[in-house]
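Have a look at the structure below before the remarks.
The values are calculated or read from the model by the stated rules, or taken from the named source; none is laboratory data. Being a predicted model, the structure only gives us computed values, none of them experimental. Positions of Cβ are backbone-derived with ideal geometry, glycine not excepted, and every protein chain shown enters the neighbour counts.
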Amino acid sequence: MTRRFVISALTVLAAALAAPASPAAPVFKAGAHAQDISPTHFPTPVNGSMKGGFAKGITDPIHARCLALQDGSKAMILVVVDACMIPQDICDKAKAAASAKTGVPVDRMLISATHTHSSATMAPVFQSDPDPAYLAALPDRIAAGLITAYQNLEPAEAGWAVAEDATQVFNRRWLVKEGESYENPFDGKADRAWMNPGVGNAKVSGPTGPVDPQVAVFAVRSAADKRPIAVLANYSLHYVGGNPPISADYFAAFANELAHQLDAGGQRYQNKPPFVGIMSNGTSGNINNINFGATVPAGRLRAGQRIQEVAASVAGAAMKAYGAVPWKNNLTLDSREEVLQLDVRKASGEELVRARNLLDTVPKDKDGQWADRKAIYAREAVLLDAYPDKVPVKLQAHRIGDLAITSIPCEVFVEIGLDLKKTNPFKGSFTISLANGYNGYLPTTEQHAMGGYETWRARSSYLEVPAADKITASLKAMLTSLKKDAS
């Protein structure tokens with residue numbers, strides 16, 4: 001070996017050692033946690049009906065099911081709470097507390113409600129008001145779930161896929177036949193849409209809109225041992241009940257069934273965080289589980305039977321999607337948030353006079369609540385009159401790789417979700433309803449014109465008629481922005 005060759009080799013080696021090391025590729029991470037947020041004092045208020053109910057105990061616990069993600073530079077936390085609806089201030093307080101501990105910005109956190117009708121009341125709707133003590137403790141309890149999910153972050157693989165289950169979704173708004181009518185709570189008979197008209201109702205002809213049978217799943221598993229960490233599913237089904245409250249209804253049953261089918265429960269993964277199954281509510285404001293086109297009504301079911309049947313069916317579809325997930329360990333994350341100020345529909349002066357007269361003349365039941373539907377809506381008119389003329393409506397769009405997740409704080413009509421999927425610039429998308437607050441039903445402008453329960457002015461339906469158009473336009477702009485930055 002010549003002296004010149006040795007000097008040259010040493011020079012190359014020295015240069016290599018002096019050169020800065022190539023930065024390591026970002027490590028995608030995921031962590032999950034199901035935080036028990038069940039009430040501890042009974043009886044406790046339960047909403048989901050026009051009369052407030054009360055739970056005497058717990059049939060199955062309610063949770064805040066949390067999924068934390070990190071791509072090396074950005075993080076996000078997605079949470080689904082077993083609640084009928086959850087107010088914006090509760091979401092905001094929980095996010096702020098979690099952000100202080102994790103450093104994840106609040107606009108990269110999504111907190112939604114499942115819409116179970118058997119959970120503890122969190123938002124005052126119709127004649128159910130929350131327990132103040134439960135409400136005061138709730139933000140910190142939810143935040144604890146976000147924090148633990150973030151602390152559970154570990155190197156992970158993730159991906160998404162879709163399947164279908166058309167057997168469990170039916171449009172619940174039916175068209176009233178020409179020449180037929182029914183009376184709404186405001187003494188009117190012009191409504192052309194009838195929510196839940198009953199099987200065999202001769203006054204209606206067919207559903208006023210479509211359904212969305214898609215079951216979407218976003219799944220994460222450990223990069224080290226391929227252990228399932230969590231599955232976030234999305235299905236446009238209002239809810240399925242039947243359990244005595246407190247219960248998470250079919251949403252928890254789905255999570256349990258999915259864990260069973262994935263063999264992700266029990267003692268298989270000792271000393272590891274438990275698998276978390278999550279069902280988020282899609283755009284189901286006009287969709288439920290009852291086939292009003294059936295020739296005969298369904299037979300009587302035992303308590304919880306329908307919950308288990310639907311959970312097994314939808315979990316089966318989710319498993320098909322899970323089997324098709326293209327696993328990746330290099331997904332990137334991004335988020336957008338916008339708050340719209342939208343008008344509140346309020347009663348006119350004449351309508352308020354009628355409402356107050358009804359409340360003065362219609363007697364309450366022995367339980368101290370009104371059973372008369374006109375009086376119930378009269379009370380809503382008076383309560384809505386105290387609302388500001390405009391309210392904040394918080395919208396979000398999140399990107400996980402080539403999957404987009406939009407969120408709306410309403411009970412969103414299925415047509416809106418289908419439109420967002422059709423125009424989405426990413427390879428896949430879905431919408432989570434009842435997210436980051438509660439602003440009532442969100443019908444399309446066309447469905448508003450048909451009338452029906454979901455359009456009747458109340459704290460459950462109060463946004464301006466063109467709200468859906470404004471919300472959809474905002475979300476589409478956010479998706480376009482995310483796509484541009486991802487390119």
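Report the residue count in segment 430-485 for those that are assigned to a helix (DSSP H, G or I), among the aliphatic types (A, V, I, L, M) and either crowded, with 23+ Cβ neighbours inside 10 Å or not assigned by TED's automatic domain parsing to the domain that holds residue 239 (or both).
Filtering segment 430-485 down to residues assigned to a helix (DSSP H, G or I) leaves 445-450, 453-455, 467-485.
Still in the running and among the aliphatic types (A, V, I, L, M): 449-450, 467-468, 471, 473, 475, 477-479, 482.
Pick out the ones that are also either crowded, with 23+ Cβ neighbours inside 10 Å or not assigned by TED's automatic domain parsing to the domain that holds residue 239 (or both) and you get 467-468, 471, 475.
Count: 4.
Among the candidates 230, 294, single out the residue that is aliphatic (A, V, I, L, M), assigned to a strand (DSSP E or B), assigned by TED's automatic domain parsing to the domain that holds residue 158 and over 16 Å from the mean Cα position of the chain (by Cα). Full working, then the answer.
Working: 294 fails: assigned to a strand (DSSP E or B).
Just a single option satisfies the conditions, and that option is 230.
Assigned by TED's automatic domain parsing to the domain that holds residue 459, surrounded by fewer than 24 Cβ atoms within 10 Å (Cβ to Cβ) and of a type in the set (Gly, Ala, Ser): is that true of residue 83 in this structure?
no
From the set of residues in segment 313-332 that are in contact with a helix residue (DSSP H, G or I) (Cβ under 8 Å, 6 or more places away or on another chain) and of a type outside the set (Ser, Thr, Tyr), which is farthest from residue 261 (Cα to Cα)?
Filtering first and then ranking leaves 314.
If you check every pair at least six apart or on different chains, which have Cβ atoms under 8 Å apart with a residue in segment 396-410 that is acidic (Asp, Glu) first and a residue that is in a strand (DSSP E or B) second?
Final answer for the pair search is 402/428.
Are there any strands (runs of 3 or more DSSP E) wholly within segment 103-209 with 1 or more residues that are in contact with a Pro (Cβ under 7 Å, 6 or more places away or on another chain) and surrounded by 17 or more Cβ atoms within 10 Å (Cβ to Cβ), and if so which?
Of the strands (runs of 3 or more DSSP E) lying wholly inside segment 103-209, those with at least 1 residues that are in contact with a Pro (Cβ under 7 Å, 6 or more places away or on another chain) and surrounded by 17 or more Cβ atoms within 10 Å (Cβ to Cβ) span 154-164, 173-176, 204-207.
Taking residue 440 as meeting all but one of (1) in contact (Cβ under 8 Å) with a residue 24 or more places away in the chain; (2) over 24 Å from residue 213 (Cα atoms); (3) not aliphatic (A, V, I, L, M), write down the number of the exception.
The failed condition is (2).
With respect to residue 90, determine if the residue is under 16 Å from the mean Cα position of the chain (by Cα) and not in a loop (DSSP other than H, G, I, E, B).
Yes; evaluated as a whole, the condition is true for this residue.
Which of the residues that make up segment 196-224 are of a type in the set (A, V, I, L, M, F, W, C) and more than 23 Å from residue 294 (Cβ to Cβ)?
Passing the criteria: 216, 217, 218, 219, 220, 223, 224.
Go through segment 329-408 and tell me which strands (runs of 3 or more DSSP E), entirely inside it, have 1 or more residues that are hydroxyl-bearing (Ser, Thr, Tyr) and at pLDDT 95 or above.
333-343, 403-407
Against the definition (crowded, with 22+ Cβ neighbours inside 10 Å, basic (Lys, Arg) and either under 27 Å from residue 113 (Cβ atoms) or in contact with a helix residue (DSSP H, G or I) (Cβ under 7 Å, 6 or more places away or on another chain) (or both)), how does residue 356 come out, yes or no?
Criteria not met by residue 356.
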